[in-house]
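Presented below is the structure to which this report refers.
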Amino acid sequence: MTDTKPIRRIAIIGTGVIGASWTALFLAKGLQVVATDIAPNAEAALRKFVETAWPALKRLGLSPGASQSNLTFTADLAQALPGAGLVQENGPERIDFKQKLYRQLDELLPPDVIIASSSSGLTMSGIQSGAASHPERCVIAHPFNPPHLIPLVEIVGGAKTSEATIRRAAEFYTSIGQRTVRLNKEMPGHVANRLQAALAREVYYLVAEGVVSAADVDTALSWGPGLRWGVMGNLMLNHLGGGPGGIEHFFQQFTGPMTAWWKTLGSPVLTPEVQKKLINSVHAEVGSRTIEELEAERDEVLLGLIELRNKIAKSSQRKSTEPVA
Ligand SMILES: NC(=O)c1ccc[n+]([C@@H]2O[C@H](COP(=O)([O-])OP(=O)(O)OC[C@H]3O[C@@H](n4cnc5c(N)ncnc54)[C@H](O)[C@@H]3O)[C@@H](O)[C@H]2O)c1
């Protein structure tokens, strides 16, 4: 695989929740996008999504040449591929579907085109068995919903993925401003979803056991650790939690209590009754607020936080490149 060709055109396969959001992001980064989907109203839904997302993308800063008119739609997979430097695959989360699709893609695409799957839980080793000729160009590039706002992309190869593909994919997503994380091993659910799953298990347990209401557990999270997690990760916060003694002191002080709590963490069974209890508690928390109102509130705060983090990241990047006097 040659790794010199710049990626300027993306083929998007599947324009549902994730494919539509990727499309909006790639257009905002000044790339050409050709999208394909088999659903009858897919093109209209996609264009509407991009139009709705555009003001937020504009606020975060459009790249030179960014335009909604750089989007082409075709219902024919083969028509979507010519000239693409990278395929972002967002089809249904089914291994049989993806293996068959990768067989087709492998036959239709030149070998230097990266095929990146958004899959949340399937492994690339499983998916790429469909791509008999060039499995080395297949990689997982898992976004966090919605990728046009949330920068995380988890990158992980399968048994047959080449190092060059992993490197080139990471360079591409980084070049458009995404934050990439590389997994050295395949894991069901990758990393970020596993972290969410671990936390969700305890959230459900605490509400199911009647320890707290949905409103209180959500307050505890979003006005407590959640605020800090929007700035730094767990380990860096542990380092600060240790005071001047840093992470070493943190472990000296908290290893005992923390590992004792681990022994009491819950493993709730999501029976219909437990689900009902959780659902009722969530509805009490939601009150009369509509989903649209809650989404607007979430996105406004999220945009402000992303803007601030981008500003701080730029200024620390500037400082690190300033010549030392
Ligand atoms: N929804 C999320 O929060 C999320 C987050 C990260 C990753 N993902 C991953 O992204 C992928 C897509 O998930 P989604 O939530 O967008 O699903 P979705 O159901 O919203 O979208 C899937 C789309 O694929 C289309 N499709 C089906 N067969 C097709 C074909 N043969 N050719 C082209 N298009 C076809 C469907 O019409 C649909 O629009 C999955 O692999 C999922 O694991 C989802």
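The values are calculated or read from the model by the stated rules, or taken from the named source; none is laboratory data. In this text, all values refer to a predicted model and were calculated from it rather than measured experimentally. Positions of Cβ are generated from backbone atoms using ideal geometry, with glycine treated the same way; all protein chains shown enter the neighbour counts. With ligands, DNA and RNA removed, areas are computed over all heavy atoms of the protein, side chains included. Shrake-Rupley method; radii C 1.70, N 1.55, O 1.52, S 1.80 Å.
Observations, loosely collected:
- Where N is the number of residues in the chain, Cα Rg divided by 2.2 N^0.38 Å: 1.10
- Rounded to the nearest Hz, the phi-derived 3J(HN,Hα) couplings of the range 234-245 under the Karplus curve 6.51 cos²θ - 1.76 cosθ + 1.60 (θ = phi - 60°) are 4, 5, 5, 5, 4, 4, 6, x, x, x, x, x, where x marks glycine and proline.
- Full-stretch length increase - residue 212, residue 99 - with 0.36 nm per residue and alpha-carbon distance subtracted: 36.3 nm
- In this structure the chain gives 57 Å² per residue of accessible area when probed at 1.4 Å with all protein chains present.
- For the range 184-320: rounded, prolate or oblate by the Cα gyration tensor [a/c cutoff 1.5]: oblate
- Between residue 78 and residue 160, the modelled labels are 2.3 nm apart [label points 7 Å from Cα along Cα→Cβ].
- Under the simplified labelling scheme, the residue 174-residue 262 pair shows an inter-label distance of 3.2 nm, with each label point 7 Å from Cα along Cα→Cβ.
- For the range 1-43: relative contact order, % (alpha-carbon pairs under 8 angstrom, 6 or more apart): 45
- Take every pair of alpha-carbon atoms less than 8 Å apart whose residues are at least six positions apart; their mean separation over the length of the chain yields a relative contact order of 13 percent.
- Hull volume in cubic angstrom per residue (convex hull over the Cα atoms of the range 9-183): 97
- Full-stretch length increase - residue 286, residue 232 - with 0.36 nm per residue and alpha-carbon distance subtracted: 16.6 nm
- 13 Å beta-carbon shell around residue 83, net charge (K/R +1, D/E -1): +2
- Mean residue ellipticity (222 nm) of the chain, computed from DSSP H runs ≥ 4 via -39,500 (n - 2.57), nearest 500: -16500 deg cm²/dmol
- Residue 45-residue 314 pseudo-label distance in nm [points 7 Å out on the Cα-to-Cβ vector]: 3.6
- For the chain, with all protein chains in place and a probe radius of 1.4 Å, 60% of the accessible heavy-atom surface sits on carbon or sulfur.
- Cα gyration tensor, the range 174-232 - rounded (a/c under 1.5), prolate or oblate: oblate
- ³J(HN,Hα), Karplus 6.51/-1.76/1.60, whole Hz, each residue of the range 99-107, x for Gly, Pro: 4, 5, 4, 5, 5, 5, 4, 4, 6
- Degrees separating the helix 17-28 axis from the principal Cα axis of the chain, which is the longest one: 70
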